[in-house]
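Structure first, commentary second.
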Amino acid sequence: MKKYALLCAVLALHAGAGFAKDWNEIRLASEGAYPPFNLIAADGSLQGFDIDIGNALCEEMKAKCTWVKQEWDGMIPALVSRKFDAIIASMSITDERKAKVDFTEKYYASPLALIAKKGSTLRPDLPSLAGKKVGVQRGTVSDNFATKYWDGKGMQIIRYAKQDEAYLDLRAGRLDAAFSDYLEAYGGFLTKPEGAGYDVAGERLFGKDADEKAVIGEGIGIAVRKRDKELTEKLNQALGAIRANGKYDAIQKKYFPMDIYGN
């Protein structure tokens, strides 16, 4: 009986070890429609700040990483269903998302901003936006903020599958403003030829109280399944390493002239 019990214990130990992952191979997901953070290059590959950060983390972890393109609306469901292992797609860390997935520490932070024609008197508040049409990307923090504080209160929110679609309608005159992550607007629109004549309207929004800060989030992190604690820890260690060894700063300077990590 003792020998049988010992054999069962050994088999159980080996079975547990068999299910443990070493994370030498990792599947990363991004959208490819949120420049300069993630975009689709001419050859069909994913590129951008998010992608460079992900590749630097994989190099630090000595892991073989493959990238998966995923539409924004299905990001978290696809992660949970194991289509990939982590999301590096400029996803804000919010309480709503933390109920479904875990996050690493932030890898950058950005306020929200209203984008309109230069000289516009619009401001990101209800009195200013009365009767106006404002475009947001569906399922983003800007969408969540606009839905909670502005929707059904005298202005119209137009939702788009991709942020670029909102900018196209803004330029075509079908919107009065677009509402988005400030750094995405800066790098993906305002500093591009198509963004000439447009600027941030009013102040950037960091969250004036606890409720607004809860919607805007704690920065941008990498989403991981709750069961994969080991991967989250490995990614956090790698983030700390690339911040310390200068790789993060080199990637940041490639896309932005300012610090985007924040305090």
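If you check ILE53, ILE40 for being buried (at least 19 other Cβ atoms within 10 Å of the Cβ) and among the β-branched types (Val, Ile, Thr), only one passes: ILE53. Across the stretch 109-135, the qualifying residues are those that are among the aliphatic types (A, V, I, L, M) and part of a helix (DSSP H, G or I), and the one among them that is surrounded by the fewest Cβ atoms within 10 Å (Cβ to Cβ) is LEU126. May I ask you to verify whether ALA223 is outside the structural domain of PRO127 (by TED's automatic domain parsing) and in a strand (DSSP E or B)? Answer is yes for this residue. Pairs meeting the criteria (first residue in the stretch 38-57 and within 16 Å of MET91 (Cβ to Cβ), second residue of a type in the set (Asp, Glu), beta carbons under 8 Å, at least 6 apart or on different chains) are ASN38/GLU31; ASN38/ASP50.
State whether one or more residues within the stretch 220-235 are modelled with pLDDT under 95, surrounded by fewer than 16 Cβ atoms within 10 Å (Cβ to Cβ) and within 25 Å of LEU79 (Cβ to Cβ). No, the stretch 220-235 has no match at all. Contact annotation: residue pairs with Cβ atoms under 8 Å, 6 or more positions apart or on different chains, pairing a residue in the stretch 184-206 that is within 21 Å of ALA89 (Cα to Cα) and touching a residue at least 12 places away in the same chain (Cβ under 8 Å) with a partner that is part of a helix (DSSP H, G or I) and polar (S, T, N, Q), are GLU184/GLN163; GLY188/GLN163.
The values are calculated or read from the model by the stated rules, or taken from the named source; none is laboratory data. These numbers were taken from a predicted model, which means no experiment stands behind them. Positions of Cβ are generated from backbone atoms using ideal geometry, with glycine treated the same way; all protein chains shown enter the neighbour counts.
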